[in-house]
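Student: Sharing a structure, written as structure tokens. Questions coming.
Quick note: the coordinates plus some simple rules give every number you see, no bench work behind them. Keep in mind that what you see is a predicted model, and the values were worked out from it rather than measured. Every residue, glycine as well, gets a Cβ built from its backbone with ideal geometry; the counts of neighbours run over all protein chains shown.
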Amino acid sequence: MTATATTPETILTSLEDHVLTITLNRPDTYNAFSDQLSRELLATLKDAGRNRDARVLVITGAGKAFSSGQDLAELKERYVPGHEPHLGKDLDKRYNPIIRAICAMEKPVIAAVNGVAAGAGCSLALACDLRLASEKASFVEVFVNVGLVPDSGSSFFLPRLIGHARAMELCCTGRPVDAAEALTLGIVNRVVPPDELAAAATKMATKLAAMPARALALTKRLLVQSATNSLEEQLTAERFAQETAGRTADHTEGVLAFLEKRKPAFRGE
Amino acid sequence: MTSTSLILADTDDGVGVVRFNRPKVLNALNPQLMEELADQLETWDADPAINVIVIAGNERAFAAGADIGDMAERSSVEMYERDQFTTWDRIQRIRKPLVAAVSGFALGGGCELMMMCDVIVAAENAQIGQPEINIGVMPGAGGTQRLPRAVGKARAMDLILTGRFLTAAEALDAGLVSRVVPPEHWLDETMTIARDMAKKGSVALRLAKEAVLKAYEAPLSEGIAFERKLFYMLFATEDQKEGMRAFAEKRRATFKGH
């Protein structure tokens, strides 16, 4: 294990079979983002990015909720007359680095959404690469209910997932989307019974962890870039990524296994 | 007097490649390194086997600035007497194309050296800036002059007065770098570009570089007149005859460098 300055208190991690599970662990506040939680989550993500043993990440919540978003109780002192809350600073320092870290993470990140994902909690789930949802999960772009706008990437990811009109509806009404509707809308990849979520997430993560890691990393980079690239830029990006993938040992193994009619044994190299 | 070289030099197919070799200090540019760089560039500038020169750092840093520890306690007079930036003028006089391969940090002197190169290939992870303001000084090796010429006054002021860094994508958008490539390909793509360039006519390469640089020194009419003379002058080279004949004959030209 790498030595970190302090052991996180609001985040649990476990690494098994190359799958790093990150659990938001403030169940009494529905895993609300306190200053400490956002700091510890970012540090955990940065460590995970450097940890070659962690090939796939799963993010989930302890207790009933995935995450209820910003811990409003912590911001109370800012809401006094004559005082401006300066929320932009929180996004700069606390939330945006987390979203950037997930998108820049060169490994698949799976959100195992066990319960409500509201506000920044919803954004966190949307920033992940895949989403598995419990039947009890719900997604709420709750910002408008307190006079705010979708942040932490929600206004980027949601319209790309479900289109402008439906994103407008959800963001402007703050209406919760349950698991079944989330599946129909394409917000989640799969819905499972609550007690099967952890196993389903582990199964999917383990499967991805056995795939050629560099190819997965490069694929994620391409798909992330495609959201903002032109076709020309994307064709160039694909060309470079394929050049890189073609030089990996896993590619050679994949081709040899195919020719020898056996299962490839990828080593992540 | 120098025990170890601070640069690594190699040649490859008409391309001279020089790499900074101070990884522990993110390739901070001290006077010894700059002397070695200038010496190497001048050697290659005079070597008919070399047509193009690549300047590179490593994955983490092109060059993260000057050696601050070396300067921190010097007096103004000492700085004036030593006049370390005169070495940089020698680099400016190199006539062959300089191609910068920039991965990671290109800060302060690293950014200024990068801007002295003719073609700049940046990795997606490049971070480029002039952060001297954060340590109580300002750019001293051309930054205040070359940066506004590259990106315009407003953006240059922003970078120089706040010390913030540009990402590779922002630098491309601002016209500060020529191309951006994925981090895995920062050096091999630069080499591909350089090798391709090295196959062109050597005299044409050098005169074209000279003409473009003239645009920063001369009024338009003077620059145009200068360009025209160089253009006519190229008709004295065999490479011009070969190039134009090959084009007419629909074959690939083979340039000899004269």
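Student: What whole-number distance in Å separates the alpha-carbon centres of region B:131-156 and region A:231-269?
Tutor: Spelled out, the Cα-based centre of one part sits 43 Å from the other.
Student: If N is the number of residues in region B:117-258, what value comes out of its Cα radius of gyration divided by 2.2 N^0.38 Å?
Tutor: Details: Rg = 19.0 Å, N = 142, 2.2 N^0.38 = 14.5 Å.
That works out to 1.32 for region B:117-258.
Student: Rg to Rh ratio, region A:171-233, alpha-carbon atoms and Kirkwood radius? Present the calculation step by step, with values, prior to reporting the outcome.
Tutor: Numbers: Rg = 16.1 Å, Rh = 14.8 Å.
Here Rg/Rh amounts to 1.09.
Student: Taking only Cα atoms, what is the 0 to 90° angle, nearest 10, from helix B:220-233's long axis to the longest principal axis of chain B?
Tutor: It is inclined by approximately 50 degrees.
Student: Using the Cα atoms of region A:213-259, I'd like the radius of gyration and the largest Cα-Cα distance, Dmax, both in angstrom.
Tutor: Both quantities, over Cα of region A:213-259: 12.1, 38 Å.
Student: Using the Cα centre as the reference, give the magnitude of the dipole from point charges on the C-beta atoms of the protein assembly as shown (Lys, Arg: +1; Asp, Glu: -1; all else neutral), rounded to the nearest 20 debye.
Tutor: 1180
Student: Tell me which of A:PHE156, A:PRO108, A:ALA65 sits at the most positive position along the dipole axis of region A:35-163, charges placed on C-beta atoms (Lys, Arg +1; Asp, Glu -1).
Tutor: A:PRO108
Student: Before anything else, pin down the relative contact order of chain A: Cα pairs under 8 Å, at least 6 apart, normalised by residue count, whole percent.
Tutor: Values: 472 pairs, mean separation 43.0, N = 269.
So the answer I get is 16 percent.
Student: Compute and list, largest first, the equivalent-ellipsoid semi-axes of region A:78-151 from the alpha carbon gyration tensor, each √(5λ) rounded to a whole angstrom.
Tutor: On the way: eigenvalues 136, 60, 11 Å².
Each semi-axis is the square root of five times an eigenvalue, giving 26, 17, 7 Å.
Student: Please work out, to two decimal places, the log10 of the ratio I(q)/I(0) at q = 0.06, 0.10 Å⁻¹ from a Debye calculation in which every Cα of the protein assembly as shown carries one identical scatterer.
Tutor: -0.40, -0.96
Student: Distance from a point 7 Å along Cα→Cβ of B:ARG251 to each backbone N in region B:186-228: keep the residues under 19 Å and list them by number.
Tutor: Counting only backbone N, you get B:199-201.
Student: Between B:SER221 and B:ILE68, what FRET efficiency follows from the Cβ-Cβ distance if R0 is 51 Å, with the result rounded to 0.05?
Tutor: Details: r = 44 Å, r/R0 = 0.86.
Step by step, r from the Cβ atoms, then E = 0.70.
Student: In degrees between 0 and 90, to the nearest 10, how far off the longest principal axis of chain B does helix B:238-248 point, with axes built from Cα atoms?
Tutor: 70
Student: Could you give the angle, 0 to 90 degrees to the nearest 10, between helix B:31-45's Cα long axis and the longest principal axis of the Cα atoms of chain B?
Tutor: 0
Student: Report, in debye and to the nearest 20, how large the dipole of region A:104-172 comes out about its Cα centre when Lys and Arg carry +1 and Asp and Glu carry -1 on their Cβ.
Tutor: Numbers: 5 positive and 6 negative charges, 19 e Å.
Its charge dipole is roughly 100 debye.
Student: How crowded by other chains is B:5-18, given as the mean number of beta carbons from other chains within 10 Å of each beta carbon? Can you show the working numbers first?
Tutor: On the way: counts 0, 0, 0, 0, 0, 0, 0, 0, 0, 0, 0, 0, 0, 0.
Averaged over the peptide's residues, the number is 0.
Student: How far is it, in nm, from the label point at A:GLU84 to the one at A:ARG247 when both lie 7 Å from their Cα along the line to the Cβ?
Tutor: 4.9
Student: Also, quick follow-up: Report the Cα centroid-to-centroid distance between region A:91-112 and region A:126-171 in angstrom, as an integer.
Tutor: Distance between centres, Cα-based: 15 Å.
Student: Turning to a different aspect of this structure: So which GluC sites (Glu not before Pro) in region B:177-258 are both in a DSSP loop and have at most 13 other Cβ atoms within 10 Å of their Cβ? If you can, show how the numbers build up before the last one.
Tutor: Working: sites: B:GLU184, B:GLU189, B:GLU210, B:GLU217, B:GLU222, B:GLU227, B:GLU238, B:GLU242, B:GLU249; in loops: B:GLU217, B:GLU249.
Answer in residue order: B:GLU217, B:GLU249.
Student: Based on the inverse mean of 1/r over its pairs of different Cα atoms, what is the Kirkwood hydrodynamic radius of chain B, in Å? Before the final figure, lay out the partial values.
Tutor: On the way: mean 1/r = 0.0520 Å⁻¹.
The Cα-based Kirkwood calculation yields 19.2 Å.
Student: Still on this structure: Just to confirm the filter: which chymotrypsin sites (Phe, Trp or Tyr not before Pro) across region A:28-134 are DSSP coil and have at most 14 other Cβ within 10 angstrom of their Cβ? Let's see the in-between values first.
Tutor: On the way: sites: A:TYR30, A:PHE33, A:PHE66, A:TYR79, A:TYR95; in loops: A:TYR30, A:PHE66, A:TYR79.
Here the chymotrypsin sites (Phe, Trp or Tyr not before Pro) that fit, given the DSSP loop and packing criteria, are A:TYR79.
Student: Continuing with the same structure: Starting from the Kirkwood radius over alpha-carbon pairs of region A:5-68, derive D by Stokes-Einstein at 20 °C in a medium of 1.002 mPa s and give it in µm² s⁻¹. Can you show the working numbers first?
Tutor: Values: Rh = 11.9 Å.
Approximately 181 µm²/s, per Stokes-Einstein.
Student: Mind checking which of B:ALA61, B:ALA100, B:ALA154 has the largest fluctuation in a GNM of chain B, springs on alpha carbons under 10 Å?
Tutor: So, out of B:ALA61, B:ALA100, B:ALA154, the one fluctuating most is B:ALA154.
Student: With runs of 4+ DSSP H residues as the only contributors, calculate the mean residue ellipticity of the protein assembly as shown at 222 nm using -39,500 (n - 2.57) per run, divided by the residue total and rounded to the nearest 500. Intermediate results must be reported in sequence, preceding the final value.
Tutor: Values: 23 runs with 235 residues, N = 527.
The helix contribution divided over the protein assembly as shown gives -13000 deg cm²/dmol.
Student: Let me ask you something else. Residues of A:230-236, mean number of Cβ from any other protein chain within 10 Å of their own Cβ, rounded to a whole number? Please list the in-between numbers first.
Tutor: On the way: counts 0, 0, 0, 1, 0, 0, 4.
Counting other chains' Cβ atoms within 10 Å and averaging over A:230-236 gives 1.
Student: Moving on. Largest first and in whole Å, give the semi-axes of chain A's equivalent ellipsoid, each being the square root of 5 times a Cα gyration tensor eigenvalue.
Tutor: 33, 21, 19
Student: Placing +1 at every Lys and Arg Cβ and -1 at every Asp and Glu Cβ, with all other atoms neutral, what dipole size does region B:202-248 have around its Cα centre, in debye to the nearest 20?
Tutor: On the way: 7 positive and 7 negative charges, 15 e Å.
The calculation lands at about 80 debye.
Student: Based on the Kirkwood radius over alpha-carbon pairs, what is the Stokes-Einstein translational diffusion coefficient of region A:124-168 at 4 °C with 1.567 mPa s viscosity, in µm²/s?
Tutor: On the way: Rh = 11.5 Å.
In µm²/s, the coefficient rounds to 112.
Student: Turning to a different aspect of this structure: For the pair A:ALA180 and A:LYS263, how long in nm is the line joining their label points, each one 7 Å along Cα→Cβ?
Tutor: My value for the distance between the label points is 3.7 nm.
Student: Mind checking B:182-189 for the average number of partner chain beta-carbons within 10 Å of each residue's beta-carbon? Don't jump to the answer; show the numbers that get you there.
Tutor: Numbers: counts 11, 3, 8, 5, 0, 0, 1, 2.
Neighbouring Cβ atoms belonging to other protein chains average 4 per residue here.
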